[in-house]
Amino acid sequence: MPFFLSFYKDKKVEQIIRRKSRKIYVGKVAVGGDAPISVQSMTNTLTSDAGATIDQIRRQENAGCDITRCSCPDKESALALKEITKAVNIPVVADIHFDYRLGILAAENGAACLRINPGNIGSIERIREVIKAAKANNCSMRIGVNGGSLDKRLLEKYGEPTADALVESALEQAKVLEDNDFREFKISVKSSNTRMMIDAYQKLAAACDYPLHLGVTEAGGLMSGTVKSALGIGSLLMGGIGDTLRVSLTADVEQEVRAGFEILKALDLRHRGVRIISCPTCARRGYDVQKTVEALENRLAHISKPLTIAVMGCVVNGPGEAGHADFGVCGGHGDENMIFINGKPHHKVSNNQIIDELVSLAEKKVG
């Protein structure tokens, strides 16, 4: 084996050591402790339209979503949860703002978790009523603090949204829950400012052992939102912080789920589906790498088992990357490209055979 390949193969990467946190349950999904980092999303249909919401949640499920959230802005939406939760396979979190009575109604109608925002849910007395409903209906809770909706008192104290203000709000709310003998909760301290979000979570992680729900709120569209989320969420995960996450995108809900898994896969924290390693291409490429990758992403999207496929345009990095993949292709000359299986060169294919050959290999492997 050439020196550069043996060096690459033997090089070890330090494992990420996760912060120790309490374990809670959102329905059947464990969050925190030794549980896998779960990927969440949120519906954007009218929750009162149970049929449309169920259809959307099923699409999230197909993408691998572990937990979803439905906004409950009115009584009809909270009541619709009864039908929705019976028809889907993943737990549903009820998103509650302003009216604490909707939280009570959501708990009574099948919500597995209640998300409350300390900045707008109301007095401690109202929060206590929500806690009672959560206890009576086996609901967990999420304290969801947002930079855009901080408590007025904290805004006056700090002058503007800051990491310290987010953390103070979260810990105050956590104390209320614990004072009422309720510990089945997780916390988020989200901001649309990525650096503020990172700072807030780092401070919160040092101050408590509650499970943490990560996210950059109002992150933006598919490209910009994914980049911001990858930086914010990824930085925290690299430091061992985070037990569940949502990539908030102004895009199709399935894209949130895929982006969440891509972040986890990039850090070797959790693997689902096909991971494609591909080169950016140059004049040395032996075939159209971009079109090949696009076609493989579409045709292999149904696979949930973890697989790695290397799609490399030439022999500069091709053998090295393909040597660490389940399957790979390395571009050659004269319409001849090498297919790698389990890291070793296996057989050659022409340009127009590459996609079908890799799809066939992947589908046979997963059965």
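Observations on the model:
- Residues satisfying the stated conditions in segment 130-143, i.e. out of contact with any Asp or Glu (no Cβ under 8 Å at 6 or more places or on another chain) and within 26 Å of Ala165 (Cβ to Cβ): Val130, Ile131, Arg142, Ile143
- Index of the failed condition, Leu102 passing every other in (1) closer than 23 Å to Gln173 by Cα; (2) touching a residue at least 40 places away in the same chain (Cβ under 8 Å); (3) not β-branched (Val, Ile, Thr): (2)
- The residue that is nearest to Leu237 (Cα to Cα), counting only those in segment 35-62 that are part of a loop (DSSP other than H, G, I, E, B) and under 17 Å from the mean Cα position of the chain (by Cα), is Ile37.
- Residue, nearest to Arg22 (Cα to Cα), within segment 130-155, restricted to residues that are at pLDDT below 95 and assigned to a helix (DSSP H, G or I): Gly147
- Positions within segment 344-367 being of a type outside the set (S, T, N, Q) and either within 15 Å of Thr292 (Cβ to Cβ) or crowded, with 18+ Cβ neighbours inside 10 Å (or both), in sequence order: Val349, Ile354, Ile355, Asp356, Glu357, Leu358, Val359, Leu361, Ala362
- Only residues that are open to solvent by less than 70 Å² (accessible area, probe 1.4 Å), out of contact with any helix residue (DSSP H, G or I) (no Cβ under 6 Å at 6 or more places or on another chain) and closer than 22 Å to Ile37 by Cα were counted in segment 47-83, giving 6.
- Inside segment 67-104, residues that are within 17 Å of Ile121 (Cα to Cα) and assigned to a loop (DSSP other than H, G, I, E, B) make up a count of 6.
- Selection of first residues in segment 350-367 that are in contact (Cβ under 8 Å) with a residue 24 or more places away in the chain and more than 13 Å from Phe340 (Cα to Cα) and of second residues that are in a helix (DSSP H, G or I) and among the small types (Gly, Ala, Ser), restricted to Cβ pairs under 6 Å at least 6 apart or on distinct chains, gives the following pairs, ordered by first then second residue: Ile355/Ala295.
- Among residues of segment 306-343 being of a type in the set (Asp, Glu) and either surrounded by 14 or more Cβ atoms within 10 Å (Cβ to Cβ) or in contact with a helix residue (DSSP H, G or I) (Cβ under 6 Å, 6 or more places away or on another chain) (or both), the one that is nearest to Arg258 (Cα to Cα) is Asp326.
- Residues (farther than 17 Å from Gln60 by Cβ, β-branched (Val, Ile, Thr) and open to solvent by 10 Å² or more (accessible area, probe 1.4 Å)) located in segment 227-260: Val227, Ile241
- The set of residues from segment 96-127 being farther than 21 Å from Ser149 by Cα and open to solvent by 30 Å² or more (accessible area, probe 1.4 Å) comprises Ile104, Leu105, Glu108, Gly110.
- Of residues in segment 111-127 being modelled with pLDDT of 95 or more and not in a loop (DSSP other than H, G, I, E, B), the one nearest to Asn89 (Cα to Cα): Cys113
- Within segment 147-189, the set of residues being touching a residue at least 60 places away in the same chain (Cβ under 8 Å) and either crowded, with 22+ Cβ neighbours inside 10 Å or farther than 18 Å from Asp95 by Cα (or both) comprises Gly147, Arg183, Phe185, Lys186.
- Filter result (open to solvent by less than 60 Å² (accessible area, probe 1.4 Å) and out of contact with any helix residue (DSSP H, G or I) (no Cβ under 8 Å at 6 or more places or on another chain)) within segment 36-46: Ser38
- In the set (1) under 15 Å from Ser140 (Cα atoms); (2) touching a residue at least 60 places away in the same chain (Cβ under 8 Å), the condition left unmet by Met42 is number (1).
The values are calculated or read from the model by the stated rules, or taken from the named source; none is laboratory data. Quick caveat: nothing in here was measured; it's all calculated off a predicted structure. No Cβ is skipped: glycine too gets one built from the backbone with ideal geometry, and neighbour counts run over all protein chains shown. Each accessible area value is taken on the protein alone, full model and side chains, heavy atoms only, with ligands, DNA and RNA left out. Shrake-Rupley method; radii C 1.70, N 1.55, O 1.52, S 1.80 Å.
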